[in-house]
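The values are calculated or read from the model by the stated rules, or taken from the named source; none is laboratory data. Only a predicted model underlies this, so the values are computations on that prediction, with no experimental measurement involved. Cβ placement follows ideal geometry from the backbone for every residue including glycine, while neighbour counts extend to all protein chains displayed. For the accessible areas, the whole protein counts, side chains as well, though only heavy atoms, and no ligand, DNA or RNA atoms are used. Shrake-Rupley method; radii C 1.70, N 1.55, O 1.52, S 1.80 Å.
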Amino acid sequence: TDITSETLNTAEENLTVEISGQISGDNNITLPAGLDTKTTTFKFEDVAADAKITIGNGTDAAYDGKIIIAIPAQATLPEVVANVPDGEVYIKQGTVTKLIASSKSNTTIIGEDVTVQELEVVKGNVKVLCGGTLNNIIRSTGNMDGYTFLVYEEGANIPLVTDENIVVISVEDYDKLPKIGEISYRTVQEAVDAAQESIITLKESVIYNE
């Protein structure tokens, strides 16, 4: 099933789309090109035991706002695929068995009183808010990030992580990390190396174009 709505083409800053009734099987939401909302909330009235929700950019879309997914507090959604590599993903309510997320360097956010059984990170970092629960985290085989930050607030429930490419860090310590734009680095040296590499790449591109 494709969930479509003319309201997705609104120019309002904040948009809430309510999907009434029970959804089941595969459900796809394509964010249209030119969607300028800063926050788009999808509220699902009810979800069946076999429901899967896929939210992603269209061919020409480059959504850079926040996607909020809310299901009933007592409901369990088997799978969510959130493909917004230029935006932010926020699971606000309910339980998700498997979340596959691609977001910008900012974060995929697991909200208060939300449980995610397994999170597969395709791109971006992760934040678990106070009262939120993440039981398992893995990096997708196609993840091109050097490492993934798992950022947690005090009172969050996070798993034991053994993958050396997943850096577990408190919000307070994460905010102190060196940054270039929105991208955080584990050390100042890594930030310097990344900046130098970007300069070299730019110079090579200029020379090539000449």
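Return yes when Glu210 is farther than 22 Å from Asp86 by Cα, open to solvent by 50 Å² or more (accessible area, probe 1.4 Å) and at pLDDT 95 or above and no when it is not.
When the stated conditions are applied, Glu210 does not pass them.
Name every residue in segment 81-126 that is over 22 Å from Asn27 (Cα atoms) and not basic (Lys, Arg), in order of residue number.
Ser105, Asn106, Thr107, Gly111, Glu112, Asp113, Gly124, Asn125, Val126
If you take the residues of segment 110-160 that are surrounded by fewer than 16 Cβ atoms within 10 Å (Cβ to Cβ), of a type in the set (D, E, K, R) and under 22 Å from Thr76 (Cβ atoms), which of them is modelled with the highest pLDDT?
Glu112
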